[in-house]
Amino acid sequence: MPKSFNFSEAPGHQIRRAHQLSIALFMEETAGFDVTPVQFAILNALMDDPGEDQVTLSGRVAFDAATSGSVIGRLEVKGWVRREADPADKRRKLLWVTPEGEKMALQMKRAVSKVQSRLLGPLMVEERKQLGALLGKLIAGHEDMA
């Protein structure tokens with residue numbers, strides 16, 4: 001009888017499990033904010049580059065441009081993001097974090113830092129650095145797929 005594929009040792013499966021853990025920790029630590037990891041990333045990216053267009057922003061946070069519109073819409077409803085048409089090209093949408101959105105993002109920083117610490121808790125300091133470097137290398141090696 002053929003033996004099944006050992007998915008538990010497959011890097012793809014392990015990355016998916018690590019992602020599940022990361023999301024669960026994020027949702028636990030940020031429960032009072034009603035925010036997703038992608039929304040948090042968008043807020044922070046816009047704090048760094050206010051007035052960025054929606055497509056460029058989607059690329060920066062590594063999120064599907066088509067889906068990002070609804071995520072940004074939810075942030076707009078909360079009053080955390082402002083979206084306007086580009087005066088030079090009405091099809092292009094420019095985005096800014098509102099003062100309320102910036103306040104919320106800054107309040108979440110401690111909780112999100114705690115997520116990272118908890119996620120990496122089982123690793124030694126050197127292993128944390130190594131994991132970060134290896135994940136960065138893995139992602140960079142596949143940038144053409146983005």
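What follows draws every value from the coordinates through simple rules; no lab data is involved. All figures in this text were calculated on a predicted structure; none of them were measured in a lab.
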**Report entry** Reach of K137 by Cα under 20 Å, taken over lysines that are not fewer than 8 positions away in the same chain
**Finding:** K129
Requested in this report: Starting from the Cα-Cα distance between K114 and M145, subtract it from 0.36 nm times their residue separation and give me the gain in nm to one decimal.
Outcome: 8.1 nm
Query raised in the report: Which aspartates and glutamates, on any chain, are close to K109 with Cα under 19 Å apart, when same-chain ones fewer than 8 places away are left out?
Result: E28, E29, D34, D48, D49, E100
Requested in this report: Let me have the 222 nm mean residue ellipticity of the chain computed from DSSP H runs of 4+ only, each contributing -39500 (n - 2.57), with the sum over all residues rounded to the nearest 500.
Outcome: -20000 deg cm²/dmol
